[in-house]
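Just below is one structure, and these are the notes that go with it.
The values are calculated or read from the model by the stated rules, or taken from the named source; none is laboratory data. None of the values given here were measured: they were computed from a predicted structure. Using ideal geometry, Cβ is built from the backbone for each residue, glycine included, and neighbour counts are taken over all protein chains shown.
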């Protein structure tokens, strides 16, 4: 037991009455309570200590409950973020696949268009060549006086047709080459 002087005991009693400040904790169990007035003070201090401990315990429990709730919300948020990230990745993959499909379709359409242009150009060249050759053969077989003129025209026309056919093919190849280079730079 801890024995205090009457003067110190009185200071504790006065402090409790005037400022509502009391001794707290396990030291209350060790104080000598032989003086009845100090014994009343110690009993009041024990009651206030029990009350403040109870309040602190309630606050601690409240904080623990809030922390548990916050942890649960954090886990929920992390799960949602993971789900969102996966959804974004899937959307990006779908976008990339769609762009690839679109590119393939465009290339296929362009190849078909180029094929059609080349085919039509060749038919025109062959057709004009056959017609002019037919006219030249006809003029030669009829002993026409215009054979020389038709022969020069036939020769010039074949030169122009060959030049134009190579020009068309060169243009198509240039466009194709430019498209390949633009895809590589992307």
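Any chance the range 174-182 includes a residue that's assigned to a helix (DSSP H, G or I) and at pLDDT 75 or above? Looking through the range 174-182, at least one residue is assigned to a helix (DSSP H, G or I) and at pLDDT 75 or above. Residue 89: part of a helix (DSSP H, G or I) and in contact (Cβ under 8 Å) with a residue 12 or more places away in the chain, yes or no? Considered against the rule, which asks whether it is part of a helix (DSSP H, G or I) and in contact (Cβ under 8 Å) with a residue 12 or more places away in the chain, residue 89 comes out as no. Scan the range 18-51 for residues that are assigned to a helix (DSSP H, G or I) and closer than 24 Å to residue 1 by Cβ and the total you get is 19.
Residue-wise test of (1) closer than 30 Å to residue 100 by Cβ; (2) over 59 Å from the mean Cα position of the chain (by Cα); (3) surrounded by 10 or more Cβ atoms within 10 Å (Cβ to Cβ); (4) at pLDDT 75 or above.
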site	(1), (2), (3), (4)
129	no, yes, yes, yes
133	no, yes, yes, yes
138	no, yes, yes, yes
166	no, no, yes, yes
185	yes, no, no, no
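Only one entry of 65, 101, 14, 40 meets the criterion of being at pLDDT below 90, loosely packed, with under 11 Cβ neighbours inside 10 Å and out of contact with any strand residue (DSSP E or B) (no Cβ under 9 Å at 6 or more places or on another chain), and that entry is 101.
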